[in-house]
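The values are calculated or read from the model by the stated rules, or taken from the named source; none is laboratory data. Treat the numbers as computed from the prediction; the structure is a model and nothing was measured. Cβ sites come from the backbone with ideal geometry, for glycine too, and all protein chains shown count toward neighbours. In case anyone asks, the SASA skips ligands and DNA or RNA and just uses the protein heavy atoms, side chains included. Shrake-Rupley method; radii C 1.70, N 1.55, O 1.52, S 1.80 Å.
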Amino acid sequence: MENAGHEVYWFDVIDSKQKVSKISWINQIVDWRLRWNYPGRYFMKNKFPRLYDFVQKFNERNTAIIFEHKLLEIEPDVVHSFEMQISCLPILSVMEKYNSVNWVFSSWGSDMFFTQQLQISDFLRNRTLKRINYLITDCFRDFEIAKKNGFTNQFLGVFPGNGGIYFEDRIMLPVSLRKIILIKGYNNCIGKGINIIKALTKELLVLMKNHEIIVFGADHEIQDYINNQDRFKEANIRINLRSDFIENNALLKMMGESYIYIGNSMSDGLPNSMIEAMGMGAFPIQSNPGNVTEELIIDGYNGLLIQDALNYKDIERLIKKALLDPAMIEKAFEHNTKVIKERYDRDKNKIEIIKLYESISKI
């Protein structure tokens, strides 16, 4: 949206308290939540969390009240919320009060598919979908879910959550020179990276002996598991903890050198990291929650689908299948680098997104 002729405001709903230099052209509303950022606040938060929570009940301003104040001050043509739990539900009552203001909602990840696990009630989800004027999703699955749960207004299309990707051919190696097995290590109630690691049996590690295994975004559970299993002692494996931030350009370069990319989760939309990996030529092995991943991957043709994120034996079978079929990986490289770039090129999406906002503001 930069230099597109629009005045853009960003209400940082989680209030990270600092402006972001990367988007300095945007009017950024930050540092609004705390009434008093008192000395020793972080010490209290870490050492006395219950006391901290009690104090914060009185010290934190109400999101809806502050947002309403900014809404009346700015008088925007469009309000655009990204992610339901964080940026829709806290302002829902305000948007219902000012029903004439156009409201766009971008759903991604688990917004539609994993609502119960995210503790979003059916009532609040459906109430939000009823108020939303325009919907954008990162996959077709979530549009169908939204329709089944009360959304009857205008669907603006499927766009990646990050708006698109700058793919750089100059940092892409040919398949024959790729020596990295790249694993997304996110591991929580949704991400199940630990089951990929459990799938790496002695037999698989032998098949991978000429590759470097890189686990990025890992947590300490994965690190401890690898450190405590004898079979990994001789493996060429590198762990990047989630706390060790990797610049996106560095991650793309890594993907451009990767032979296979593996991601596994209980819930997701179309994962940006998978899209990036495919566009950079890595062969994808990816979980398929709610059949979403098969919107991009034809199983056995341009990737492999994990149908049970908890079944590490099946993940082992899929990794082995990929390693023993270099012809499949070569064909997938040709298909994915072409199709993904056509669909997710950032410059191409930028034009469509600007048109999208202009069409709304004229209604």
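A few notes on this one:
- Order by protection proxy (mean Cβ within 10 Å, highest first), peptides 230-241, 97-108: 97-108, 230-241
- Nitroxide proxy distance, nm - points 7 Å out along Cα→Cβ at ASP325 and MET44: 5.9
- Shape of segment 217-256, Cα gyration tensor, a/c cut at 1.5: oblate
- 33 Å tail of the calculated P(r), the chain, as % of Cα pairs: 37
- Projecting the Cα atoms of ASN188, GLY163, LEU173 onto the charge dipole of segment 142-193 (Cβ charges, centred on the Cα centre) puts ASN188 farthest toward the positive pole.
- Rounded accessible area of LEU205 (nearest 10 Å², 1.4 Å probe): 20
- The chain: DSSP helices with Cα axial extent of at least 15 Å and average Kyte-Doolittle hydropathy no lower than 0.0: 63-74
- Residues of type aspartates and glutamates that LYS70 reaches as a straight line, Cα spacing below 15 Å, ignoring anything fewer than 8 places off in the same chain: GLU7, ASP12, ASP15, ASP31
- Aspartates and glutamates with Cα under 19 Å of LYS97, excluding same-chain neighbours fewer than 8 positions away: GLU68, GLU73, GLU75, ASP77
- Among ALA146, TYR134, TYR38 - extreme Cα towards positive end, dipole of the chain, charges at beta-carbon: TYR38
- MET255 - accessible surface, heavy atoms, 1.4 Å probe, Å² rounded to 10: 0
- Peptides 124-134, 15-25 ranked from most to least packed by the mean count of surrounding Cβ atoms within 10 Å: 124-134, 15-25.
- Note on segment 158-182 and segment 28-46: Cα centroid distance 39 Å, given to the nearest whole angstrom.
- Net length gained if the chain between VAL339 and THR152 were fully extended (0.36 nm per residue, minus Cα distance): 64.2 nm
- The dipole here belongs to the chain: it is taken about the Cα centre, uses +1 on the Cβ of Lys and Arg and -1 on the Cβ of Asp and Glu, and is about 680 debye.
- Candidate lysines for bridging to LYS338, where Cα separation is under 20 Å - those fewer than 8 sequence places away on the same chain excluded: LYS253, LYS348, LYS350
- Each label was represented as a point 7 Å from its Cα along the Cα-to-Cβ direction; for ILE65 and TYR301 these points are 5.7 nm apart.
- GNM result for the chain, Cα springs below 10 Å: residue of PHE216, PHE333, PHE48 fluctuating most strongly: PHE48
- Pairwise Cα separations in segment 278-358 fall into 10 Å bins from 0 onward with the following percentages, short to long: 17, 40, 27, 12, 3, 0.
- Solvent-accessible area per residue in segment 164-256 equals 52 Å², computed with a 1.4 angstrom probe and all protein chains kept.
- Segment GLU294..GLN119, full-extension length gain: 60.3 nm, with 0.36 nm per residue of separation and the alpha-carbon distance subtracted.
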